[in-house]
Structure formats: structure tokens, C-alpha cells
Amino acid sequence: VRARARQRVLDAKARYEKGGREGVLRFAGDIFRDITEGEYSGIIASLEGENFLALHHSGEQRDPEKALSQGTREQLYLALRLAYVKNHARSAEALPVILDETLVNFDLRRIRNTARVLAAFAQENQILAFTCHPWLADMLLEAAAQAVPCAPVPSSFSIAGGVISRLSFPEKQQ
């Protein structure tokens, strides 16, 4: 009886983990598709189940470590991070997301796409983005302001000489 009960618990755990993983991969694939403008259509687990593969729009499965550029690989990993946070929030409190120069290896088109993804994501999760590039901070703020025109304008701060100062930011478009 104990062995059967243990097996049932293990089976339930495996079903839960599989369901959670599938949810994460579905969310991550949607995010990755948005960042890459459909160049990649999703993310799947490798046959071994330990690694992830990027699904190119051609149907080809690409190993991120071997077949993706540094920027695209980092976009895939960002999509996975955001998906884990989104999946967690389905059954618990939303977590904040902290980004520190995360977009540094992205091209400008994908930075814009990622800014829109982050702005949408910020509707349910707090996002703290750190960058030394004022133009990037402006781009993130502009995307956030456009995502929800009637919401409060997000804030941007600078630290110089040990002093924290609020920066100006793009006006919201009505």
C-alpha cells in the first residue's frame, strides 16, 4: 500500500511538473516570437529534456548554444525568465523582475520589440531596469507610457556622485 501511495505521489508530481513546464514553454514561446517578430515561433524542450531549442519559422529546431547569435540567445533566455515569472504568478503573488543591462546585445529592432513586451509585462509585474544608456531608459519609458495611456507615468532615476535624481521622461501620448 505504501509503495502504491508513493508511486501515486510521484506520478502526481511528474504531471504537475510537466504541466508547469508546458505552461512556461508556451508563455516563453509567445514572448520569444514577439521579441523576434516571428523569426522564431516558439521554444521547446530538447528530447533529453535538459535543454531548450528555438523553433525557427522554417520549422527548424535550433540549439541556442550552437545556432543562435549571442543577442538571440539572450532573448530566448529573457523569454524563459519572464515566462517563469508569469507562470509563478498564476498560483502565487506576482514577482518583480530585475534587469541589469539585459538588452546590451540586442539589435535596435529587437530592443524596441522587447521594450513593448516589457511594457505589457509590467501591467502585472513590477520591472526594475538598470542601464547606463539614457537612450535605452527613454525607449523603455516611452514603451511603458504607450502601453497604457491612462496609467501613471513610470519613473526613471539617475545615480551620480552618490546622489539619486529623478530624470525627465517622454510625455505620454493621449
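The values are calculated or read from the model by the stated rules, or taken from the named source; none is laboratory data. Given the structure is predicted, the values throughout are model-derived calculations rather than measurements. Cβ: placed from backbone, ideal geometry, glycine included. Neighbour counts: every protein chain shown. Areas reflect the complete protein model, heavy atoms only, side chains present, ligands, DNA and RNA absent. Shrake-Rupley method; radii C 1.70, N 1.55, O 1.52, S 1.80 Å.
Values computed for the structure shown
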{"quantity": "Pairs with Cβ under 7 Å, 6+ apart, first in the stretch 65-82 and over 17 Å from Arg112 (Cα atoms) and outside any loop (DSSP other than H, G, I, E, B), second small (Gly, Ala, Ser) and open to solvent by less than 90 Å² (accessible area, probe 1.4 Å)", "calculated": "Leu80/Ala28"}
{"quantity": "Leu95 vs. criteria of a type in the set (A, V, I, L, M, F, W, C), modelled with pLDDT of 95 or more and open to solvent by 70 Å² or more (accessible area, probe 1.4 Å)", "calculated": "no"}
{"quantity": "Filter result (of a type outside the set (A, V, I, L, M), outside any strand (DSSP E or B) and modelled with pLDDT under 95) within the stretch 42-58", "calculated": "Ser46, Glu48, Gly49, Glu50, Asn51"}
{"quantity": "Evaluation of Arg109 against (1) within 14 Å of the chain's Cα centre (by Cα); (2) open to solvent by 50 Å² or more (accessible area, probe 1.4 Å); (3) among the basic types (Lys, Arg) (one fails), failing number", "calculated": "(1)"}
{"quantity": "Where Ile31 falls short, out of the listed (1) modelled with pLDDT of 90 or more; (2) open to solvent by 50 Å² or more (accessible area, probe 1.4 Å)", "calculated": "(2)"}
{"quantity": "Hits in the stretch 63-85 - residues which are closer than 15 Å to Ala28 by Cβ and open to solvent by 90 Å² or more (accessible area, probe 1.4 Å)", "calculated": "Arg81, Tyr84"}
{"quantity": "Count of residues meeting criterion [out of contact with any His (no Cβ under 9 Å at 6 or more places or on another chain), farther than 16 Å from Arg33 by Cα and not in a helix (DSSP H, G or I)] in the stretch 104-151", "calculated": "17"}
{"quantity": "Pair list, Cβ under 9 Å, 6 or more apart: the stretch 139-168 residue at pLDDT 80 or above and among the charged types (D, E, K, R), other residue in a loop (DSSP other than H, G, I, E, B) and open to solvent by 40 Å² or more (accessible area, probe 1.4 Å)", "calculated": "Glu142/Phe169; Glu142/Gln173"}
{"quantity": "Qualifying position, being closer than 18 Å to Leu136 by Cβ and among the basic types (Lys, Arg), among Arg62, Arg33, Arg90, Arg110", "calculated": "Arg110"}
{"quantity": "Members of the stretch 83-103 that are in a loop (DSSP other than H, G, I, E, B), touching a residue at least 12 places away in the same chain (Cβ under 8 Å) and not small (Gly, Ala, Ser)", "calculated": "Arg90, Leu95, Pro96, Glu101, Thr102, Leu103"}
